[in-house]
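Engineer: Sharing a structure here in structure tokens format.
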């Protein structure tokens, strides 16, 4: 089972260096107007590959992510969620589940100032993640039985925020994919309930249709507010949405 981010480029950020530092400010808004780049179908390139390349070349978030030094366009999803709900605060302690390629981790480091020793950011993914200054990242499947204990040892205390952008490999069957991603969200919630400090925030990716009753019931019981949100940076054709739960009751 794959638990890494599916959106955005997976390579290192242009101009970011191996330490993951960025070139410019962290605001989510930007001007996206520009000329559309046309992609011709090459002899050895399939139509689907051409469509993917066209989408990448003409996606303003992809271009802006490269400009700002983010490792993926997914960084803007977290930026937009934080701009609306204000959970990433200086000194906060953050756990990023499904961290590859590192875009969300970069945003968390910037906002909590962990590179300056004020907060703490830890991440986990079954895929390798290039080092990011201010973050501790381990290469391990979160669904591995040993993962929660290792993350708790790295935290060495409570967390203020647990983020999950994990997604299982698509089967092409909508109901099956929905159940798989809900299963990952439920596992992330179980972990969050064990590590979050009172007042903490939990954010997890789900698919269109939102959280199931099995997931919503404990969320509503354990958090003061629970919302379903689709950030502007999430592609319109994507079925992904995010559950944002705040005010952990402990």
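Engineer: Give the percent of DSSP beta bridges with both residues in region 75-248 that are antiparallel, rounded to the nearest 5.
Structural biologist: 40 percent
Engineer: If you don't mind, another one. Gap in Å between the Cα centre of region 123-175 and the Cα centre of region 195-226?
Structural biologist: The distance from the Cα centre of region 195-226 to that of region 123-175 comes to 18 Å.
Engineer: On to the next question. So if each residue of separation counts as 0.36 nm, and I subtract the Cα-Cα distance between residue 169 and residue 116, what length gain in nm does that give?
Structural biologist: Result: 15.5 nm gained on full extension.
Where a number appears in this text, it was derived from the coordinates with a stated rule and is not lab data. What you see is a predicted model, and the numbers here were worked out from it, not measured in a lab.
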